[in-house]
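**Student:** My questions all concern the structure below.
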Amino acid sequence: MQQRITMSKPSVLVTFDSMKNPNSGYFSFGKGLGDALIKENSNRFKLTYYMFKNTIYFFNRLVEIIYLYRWHRFFFPFYNNFDVVHFTDQTCRLRPYRVNGKKIMTIHDINKVHLPGSKQHKIDKHINKLRSYMAHCDRIVAISQFVADDVLRFIPEIKGKLSVIHNGADKLYVTENYEPTYRPKKAFLFTIGLLSPQKGFHYIPVLLQGNDYELVISGIETPHKARILEEAEKYGCLDRLTLTGPIADEDKAWYFKNCSAFVFPSIAEGFGLPVIEAQYFGKPVFLAKATSLPEVGGSVAYYFNNFEPAHMQAVFNDGMKDYANNHREAAIIEHANQFSWENSAGKYLALYEEVLK
């Protein structure tokens, strides 16, 4: 049997194998948390990260990297080398039962249960897979209280080992005189994310009625793009809609800094990082009153209770007036500052220490 390597400080393996796609929320989560763990570690643990070889970011090589191979699902040669293994999302390409040591798993969402049209047998299969992973872990972390409540609703037996650690969000900066790939010609609304039905971007064009705003939507395109274009044509604003596709962080920062408002009518979010990214710039954010978004956006955001055009227009128009007349920018930034990767990393590092006691 392989012998555990004796070290002067505890050894922690952190899985960042979901960072493979640089345009995904998992990439942003992994980069933010991974950098902050290194910064906040203060030499308490020997950190090792588990990643795909073709990931574009390797944390400046400040930690050791173990590359993922498909056969690790069946045998992981370093199974006995770590005191703590932190699975940072529920996809678990490295199965929890393939490693020894204390195990922690972060759950980002179980959004399948909230999506219209989800078939019950697929929901049951998904829940049972999560249940089996959680059974092999010592602690479970949800990224929001909403996700924690969801988990307890479907897997109540893990209550005693469940806690909440909110995500952080990147404070983005814009280089002086930077020019984005597409520069709007007028004041504009901005949103970003996968162009999927649950993101609700097809509801946004109605907000361009009765004004001269442009709308910029960034993110990976899907067949749902056609529905967004149809809605823009329906409301007579197709010439004011720009779909940029995936964008660089520099473009994203420019759009957050220069937009008039950020609009995010998603119906399925475990957290919603772009909300905090926009609020760091003091921008008004307009959100669906669904899943985790009220928890993340807080009292400084504006909420759509439904997607009826008249209601959405009223929320938007009233919110923009409130933002301008009552100088909400400072309060929005103060709210966003609660969510930092340094805070998140500090809580995870404390959890590593706790499970080792």
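**Student:** Rounded to the nearest 0.05, what FRET efficiency do Tyr57 and Ile123 have when you use their Cβ-Cβ distance and R0 = 35 Å?
**Tutor:** The computed FRET efficiency comes out at 0.55.
**Student:** Of Thr91, Phe262, Val296, which is farthest on the positive side of the dipole of the chain, counting Cα position, with +1 on Lys and Arg Cβ, -1 on Asp and Glu Cβ, and the Cα centre as origin?
**Tutor:** Going by the Cα projections, it comes out as Thr91.
**Student:** While we're here: Give me the dipole magnitude in Debye, nearest 20, for the range 188-336 about the Cα centre, with unit charges on the beta carbon: positive for Lys and Arg, negative for Asp and Glu. Could you put the intermediate results ahead of the total?
**Tutor:** Values: 11 positive and 18 negative charges, 31 e Å.
I would put it at about 140 debye.
**Student:** Ok, one more. Which whole-number percent gives the relative contact order of the chain, counting Cα pairs below 8 Å spaced six or more residues apart?
**Tutor:** On the way: 650 pairs, mean separation 56.0, N = 357.
Relative contact order of the chain: 16 percent.
**Student:** Of the peptides 127-134, 320-327, 65-72, how do they stack up when ordered by the mean number of other Cβ atoms within 10 Å, highest first?
**Tutor:** 127-134, 65-72, 320-327
**Student:** Please give the length that would be gained between Glu342 and Lys321 if that part of the chain were fully extended, namely 0.36 nm times their separation in residues minus their C-alpha to C-alpha distance (nm, one decimal). Intermediate values should be presented prior to the final figure.
**Tutor:** Details: separation 21, 0.36 × 21 = 7.56 nm, distance 3.43 nm.
Full extension of this stretch gives 4.1 nm more.
**Student:** To the nearest 10 degrees, how steeply does helix 145-154 sit against the main Cα axis of the chain, on a 0 to 90 scale?
**Tutor:** With rounding to tens, the tilt is 60 degrees.
**Student:** Moving on to the next point. Rounded, prolate or oblate: pick one for the range 219-357, where a ≥ b ≥ c are the square roots of the eigenvalues of its C-alpha gyration tensor, a/c under 1.5 means rounded, and failing that, prolate if a/b is larger than b/c, else oblate.
**Tutor:** On the way: a/c = 1.93, a/b = 1.55, b/c = 1.25.
Cα axes put the range 219-357 in the prolate bin.
**Student:** Note the listed values (i) 24; (ii) 17; (iii) 29, then indicate which one is percent of Cα pairs over 34 Å apart calculated from this particular structure.
**Tutor:** Derived directly from the coordinates: (iii).
**Student:** Along the Cα→Cβ direction, 7 angstrom out, place labels at Tyr178 and Tyr97. What is the inter-label distance in nm?
**Tutor:** Output for this residue pair reads 4.7 nm.
**Student:** Let me spell out the model: positive unit charges on the Cβ of Lys and Arg, negative unit charges on the Cβ of Asp and Glu, origin at the Cα centre of the range 74-168. What dipole size does that give, in debye rounded to 20?
**Tutor:** Details: 15 positive and 8 negative charges, 67 e Å.
That gives a dipole near 320 debye.
**Student:** For the chain, give the magnitude of the charge dipole about the Cα centre (Cβ charges: +1 Lys/Arg, -1 Asp/Glu; no others), in debye to the nearest 20.
**Tutor:** Numbers: 43 positive and 36 negative charges, 335 e Å.
It comes to approximately 1600 debye.
The numbers here are math on the coordinates, done by the rules we state, and not lab data. Quick caveat: nothing in here was measured; it's all calculated off a predicted structure. Here Cβ is always computed from backbone atoms with ideal geometry, including for glycine, and neighbour counts include all displayed protein chains.
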